[in-house]
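Asks: Input: one structure, supplied below.
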């Protein structure tokens, strides 16, 4: 995906990850069964296909996703389970 972005002079964020995955999945047998110049042709075709599928409109969202930690009703295990069991039985 990064190579396709470099060749297409665009940002990787403008290329659809799902479409890239599908393109690689569809062409994996071609990649594995070819060598040399023929394999380079297959890769070039795949890169072109990746560039043709753009990411859909996402409004003004440009940030990465963040994971929020939420309060849990139980304490976190901060030691090994064996140590915890020993302390529990003591």
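Asks: Could you work out how far apart the two model spin labels at residue 35 and residue 88 are, taking each label as a point 7 Å from the Cα in the direction of the beta carbon, and quote it in nm?
Replies: Output for this residue pair reads 5.7 nm.
Asks: For the chain, what's the radius of gyration and Dmax over Cα atoms, in angstrom?
Replies: 23.1, 69
Throughout, read-outs are computed from the coordinates displayed, never taken from laboratory work. In this text the structure is predicted, and so the values were computed from the model without any measurement. Using ideal geometry, Cβ is built from the backbone for each residue, glycine included, and neighbour counts are taken over all protein chains shown.
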